[in-house]
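Encoded as structure tokens, the structure appears first; notes follow it.
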Amino acid sequence: MNQNSRQDRVIGAGDLIRGSGPVLVGILNVTPDSFSDGGEFLDSEKAIARASAMLDEGAHVIDVGGESTRPGSDPVSPEKEIGRVVPMIREILDERPDAVISIDTYRAQTAEAAIEAGASIVNDVTALRGDGRMSKLVAEVGCPVVLMHMKGEPKTMQRDPRYDDVVREVRDFLREKAEYAISEGVDPKNIVLDPGIGFGKTVEHNLALLRHLDTIVDLGFPVLVGASRKGFVGSITGSGDARERVFGTVATTVMAYERSANLFRVHDVRANREALAMAVATLGAG
Ligand code: HH2
């Protein structure tokens, strides 16, 4: 059974995202179709073992998702999504009661069920646009929320995405969504911003966002980067297989840390943790 109360969990998660050191968010996709690990962790034993291994390797948070957002993917029903993530969250917390769980969903119904099961961070790839009830839920629970930029929707977002100035447009979008969240009662201290690497962006757009990440950091909120194993890494390193993109991913993590991002959503926890340890030792933790 979960030993910690919801309030303790939410406070702990808030302290974590606002801390000075880098936060590693390990990815657990309970889906048949995620781009790099689809189908691997539908089986609950394998998923729990994966979550435990990521925690042992140094993950501070496990981000559980029940619907793929890879380019071209289709949405699933809320019932199906809840059926995938809630038992998983319960089982992870049975095994590792102190684990911090984030729920990767844009549906308030799923987020609520996940929070009930012990999740304490909401990771919303639509930045509160996907479900009109999400902002109030997050405000009421008082938990951290990740607001991510996406142009279009997963089904079609990679069909010729265009911007006049990608960095400015993503920054303006994130500023506006943060202001909206605050107007809905979300504590500014609970907001995390994410440029949404790979969500309606070409390789050049992703690189420009990484290069100029400081523009987003300057908005004054913690910044999360999710570049792990993504296609733009493969197109530069020549790794067609997503699992082979770990070295390129680690480079993005170090560069993002240098530009003051402090949350890193990754598949390969140990590699990213060790790279971050070197970056922290060299550059300092603050
Ligand atoms: N990327 C993915 C999913 N959720 N959340 C945030 N905040 N930032 C991201 O960059 C992000 C995210 C896509 O990656 P993954 O979960 O590995 O694949 P899939 O969407 O196919 O399940």
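The values are calculated or read from the model by the stated rules, or taken from the named source; none is laboratory data. On a predicted model such as this, the values are computed, not experimentally measured, just so you know. Here Cβ is always computed from backbone atoms with ideal geometry, including for glycine, and neighbour counts include all displayed protein chains.
Kindly list, by first and then second residue, each pair from a residue in the stretch 27-44 that is at positive phi to a residue that is modelled with pLDDT of 80 or more, limited to pairs with Cβ atoms under 8 Å and residues at least 6 apart or on different chains. From residues that are at positive phi, the pairs are GLY39/THR31; GLY39/PRO32; GLY39/ASP33. Taken together, the residues in the stretch 139-163 that are away from the ligand (no atom under 15 Å from the Cβ) and modelled with pLDDT of 95 or more amount to 5. Of the residues making up the stretch 45-58, those that are touching a residue at least 60 places away in the same chain (Cβ under 8 Å), within 18 Å of SER120 (Cβ to Cβ) and away from the ligand (no atom under 14 Å from the Cβ) number 0.
Within the stretch 199-213, the set of residues being of a type outside the set (S, T, N, Q), surrounded by fewer than 21 Cβ atoms within 10 Å (Cβ to Cβ) and not in a helix (DSSP H, G or I) comprises HIS212 only.
Residues that are modelled with pLDDT of 95 or more and closer than 19 Å to ALA242 by Cα within the stretch 19-54 comprise VAL25, GLY26, ILE27, LEU28, ARG50, MET54, listed in sequence order.
Table: residues versus (1) within 23 Å of ASP15 (Cα to Cα); (2) assigned to a helix (DSSP H, G or I).
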| residue | (1), (2) |
| --- | --- |
| SER52 | yes, yes |
| LEU55 | yes, yes |
| ASP74 | no, no |
| GLU81 | no, yes |
| VAL85 | no, yes |
| LEU93 | yes, yes |
| ASP98 | yes, no |
| ILE103 | yes, no |
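In the set (1) more than 16 Å from the ligand (Cβ to nearest atom); (2) touching a residue at least 24 places away in the same chain (Cβ under 8 Å), GLU81 fails one condition alone, (1). Would you check if GLY66 is within 12 Å of the ligand (Cβ to nearest atom) and under 16 Å from ILE121 (Cβ atoms)? Here the answer is yes, as GLY66 does meet what is asked. Return the residues of the stretch 214-233 that are in a helix (DSSP H, G or I), within 25 Å of ARG273 (Cβ to Cβ) and either away from the ligand (no atom under 13 Å from the Cβ) or touching a strand residue (DSSP E or B) at 6+ places or on another chain (Cβ under 7 Å) (or both); say none if nothing qualifies. ASP214, ILE216, VAL217 - these are the residues of the stretch 214-233 that are in a helix (DSSP H, G or I), within 25 Å of ARG273 (Cβ to Cβ) and either away from the ligand (no atom under 13 Å from the Cβ) or touching a strand residue (DSSP E or B) at 6+ places or on another chain (Cβ under 7 Å) (or both).
Counting only residues that are surrounded by fewer than 19 Cβ atoms within 10 Å (Cβ to Cβ), of a type outside the set (S, T, N, Q) and assigned to a helix (DSSP H, G or I), the stretch 1-15 holds 6 of them. Restrict the check to the stretch 28-39 and report whether at least one residue is of a type outside the set (A, V, I, L, M) and part of a helix (DSSP H, G or I). There is no residue in the stretch 28-39 that is of a type outside the set (A, V, I, L, M) and part of a helix (DSSP H, G or I).
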